[in-house]
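Written below as structure tokens is the structure these notes are about.
The values are calculated or read from the model by the stated rules, or taken from the named source; none is laboratory data. Worth saying up front: this structure is predicted, and the values here are computed from it rather than measured. Using ideal geometry, Cβ is built from the backbone for each residue, glycine included, and neighbour counts are taken over all protein chains shown. Please note that ligands, DNA and RNA were not included when accessible areas were found on the heavy atoms of the full protein model with its side chains. Shrake-Rupley method; radii C 1.70, N 1.55, O 1.52, S 1.80 Å.
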Amino acid sequence: MQGTLKSLQDELIKSFEILDFKSGDNFYFLKIRAVIIDGSLLHIKEYSSLDSYFYSYHWQGCDGSLRIRWDNSPHHRDLGTFPDHKHAPQLEESKEMCLAEALEEIRQILKNM
């Protein structure tokens, strides 16, 4: 969780709002809405416990259209990187992601736009 919170200070993020936060002795859940410097939105969800880690980083344009979503929902079992995958917007293999890595990919995409 500390890495995620630190990543929110990235210059790529114009502002953010923590929509939900829950924690206990052995888990945390975060739900955050971040505005990227180009006005696009990044919806961040993370759940981590001693035996589970689930994430979703959903980047969408100002008009609500999907740009990329990285997640590890346990479907798409046919992918070699199961359960990690991304929708860009087509389904693709992906490594396990953290917020800092998603922001770096967004940074590279914005540089090339």
Hits in the range 90-108 - residues which are open to solvent by 80 Å² or more (accessible area, probe 1.4 Å) and in contact (Cβ under 8 Å) with a residue 12 or more places away in the chain: E93, K95, E96
Which listed residue is among the basic types (K, R) and open to solvent by less than 40 Å² (accessible area, probe 1.4 Å), from K111, K22, K86: K86
Every pair of residues 6+ apart whose Cβ atoms lie under 7 Å, when the first sits in the range 69-84 and is at positive phi while the second is of a type outside the set (A, V, I, L, M, F, W, C): H76/H85
Of all residues making up the range 25-44, the number that are open to solvent by 50 Å² or more (accessible area, probe 1.4 Å), more than 16 Å from Q2 (Cα to Cα) and outside any strand (DSSP E or B): 2
Residue in the range 49-65 that is under 12 Å from the mean Cα position of the chain (by Cα), within 16 Å of R107 (Cβ to Cβ), of a type in the set (S, T, Y) and open to solvent by less than 40 Å² (accessible area, probe 1.4 Å) present: yes
Condition broken by H87, with the remaining ones in (1) at positive phi; (2) touching a strand residue (DSSP E or B) at 6+ places or on another chain (Cβ under 6 Å); (3) not acidic (D, E) satisfied: (1)
Out of S56, S48, S73, sole residue that is in a loop (DSSP other than H, G, I, E, B) and of a type in the set (S, T, Y): S73
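When the range 59-70 is examined, which residues are found to be of a type in the set (D, E, K, R) and assigned to a strand (DSSP E or B)?
As a first pass, look at the range 59-70 and keep what is of a type in the set (D, E, K, R): 63, 67, 69.
Hits for the range 59-70 are R67, R69.
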